[in-house]
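Heads up, the thing below is written out as structure tokens.
The values are calculated or read from the model by the stated rules, or taken from the named source; none is laboratory data. These numbers were taken from a predicted model, which means no experiment stands behind them. Here the Cβ positions follow ideal geometry from the backbone for every residue, glycine too, while neighbour counts run over all protein chains shown.
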Amino acid sequence: MTYKTRFQYLFDKARDIAQVQGVLNPPDPRLPPLFFVSDPKRTPHPEDIAAHLPPGCGVIYRSFGESHALQRARLLRKIADDDGLVLLIGEDEALAREVRADGVHLPERHMDRVPGLAGDFLVTVACHSHDAIRRPEIHSAHAVLVSPVFASRSPSAAGIEPLGVKGVRALVDASPVPVYGLGGISCDTIGMLKTSGLSGVAAVDAFSLAD
């Protein structure tokens with residue numbers, strides 16, 4: 001499967017998952033069904049990946065302080081404008097404002113910042129437990145990303161038991177806002193999430209440019 005075919009397959013499956021949930025709980029129409037989440041080590045050139053995403057996808061650009069973050073974010077904004085993508089910036093609302101990003105993605109440890117940003121941006125936030133998803137700040141978020149759904153190479157997932165479909169469903173049922181799944185989601189595993197209740201999915205490694 002070529003990378004273009006893979007990206008389209010992921011988008012189509014993510015859209016199917018989102019449509020199942022959307023019948024009962026319509027999410028914000030600005031939210032895409034599929035997010036590519038960048039990582040400086042695993043996806044060092046996110047602009048190359050973004051340029052090949054199907055229209056309607058989302059990009060969460062996480063710079064982690066890289067020196068060329070502004071230039072890369074500006075390029076991602078141009079690609080998003082040209083190709084019909086949604087651009088979120090990880091954790092850095094100043095950078096998001098500078099490049100006119102559509103939103104901001106926050107790690108769980110910064111959940112307290114959600115209410116102050118939600119009026120200006122689409123805001124997604126990472127959640128890793130039932131305790132986190134019950135925090136009052138969640139009500140101001142447009143969506144949460146729960147992880148790891150399946151076994152993942154992410155350093156943040158090291159030593160953590162994957163949620164699996166049953167665990168994801170439990171978090172969806174507890175969440176007051178739409179839920180996306182992240183972690184170990186690929187062409188081989190995404191079909192398992194059809195009845196998970198997710199409003200969409202997100203992935204890192206699934207978006208490599210290797211055929």
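When each of ALA202, ALA170, ALA151 is tested for being of a type in the set (A, V, I, L, M, F, W, C) and modelled with pLDDT under 95, the lone residue that passes is ALA151. Return yes when ASP16 is part of a loop (DSSP other than H, G, I, E, B), touching a residue at least 40 places away in the same chain (Cβ under 8 Å) and of a type outside the set (A, V, I, L, M) and no when it is not. When the stated conditions are applied, ASP16 does not pass them.
Each row is one residue, and each column tells you yes or no for (1) over 21 Å from LEU88 (Cβ atoms); (2) within 17 Å of the chain's Cα centre (by Cα).
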| residue | (1), (2) |
| --- | --- |
| GLY119 | no, no |
| HIS130 | yes, no |
| LEU163 | yes, yes |
| LEU198 | no, yes |
| ALA203 | no, yes |
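Residues that are in a strand (DSSP E or B) and touching a helix residue (DSSP H, G or I) at 6+ places or on another chain (Cβ under 7 Å) do not occur anywhere in region 93-100. Inspection of region 11-31 finds no residue satisfying the criterion of being of a type outside the set (Lys, Arg), crowded, with 19+ Cβ neighbours inside 10 Å and farther than 18 Å from ALA143 by Cβ.
Screening the candidates ALA94, ALA132, ALA141 for the property of being small (Gly, Ala, Ser) and either surrounded by fewer than 17 Cβ atoms within 10 Å (Cβ to Cβ) or in contact (Cβ under 8 Å) with a residue 40 or more places away in the chain (or both) yields one hit, ALA94.
Of all residues in region 22-74, those being modelled with pLDDT of 95 or more and part of a helix (DSSP H, G or I) number 11.
Name every residue in region 101-160 that is under 20 Å from LEU198 (Cβ atoms), assigned to a strand (DSSP E or B) and among the aliphatic types (A, V, I, L, M), in order of residue number. If the condition is that a residue be under 20 Å from LEU198 (Cβ atoms), assigned to a strand (DSSP E or B) and among the aliphatic types (A, V, I, L, M), then LEU106, LEU122, VAL123, VAL125, ALA126, ALA143, VAL144, LEU145, VAL146 are the ones that fit.
Report, by residue number, each residue of region 62-80 that is surrounded by 17 or more Cβ atoms within 10 Å (Cβ to Cβ) and among the basic types (Lys, Arg). Listed by number, the residues that qualify are ARG62, ARG72, ARG77. Pull up region 187-211, narrow it to residues that are surrounded by fewer than 16 Cβ atoms within 10 Å (Cβ to Cβ) and of a type in the set (Gly, Ala, Ser), then point me to the one that is nearest to ALA132 (Cα to Cα). The qualifying residue nearest to ALA132 (Cα to Cα) is GLY191.
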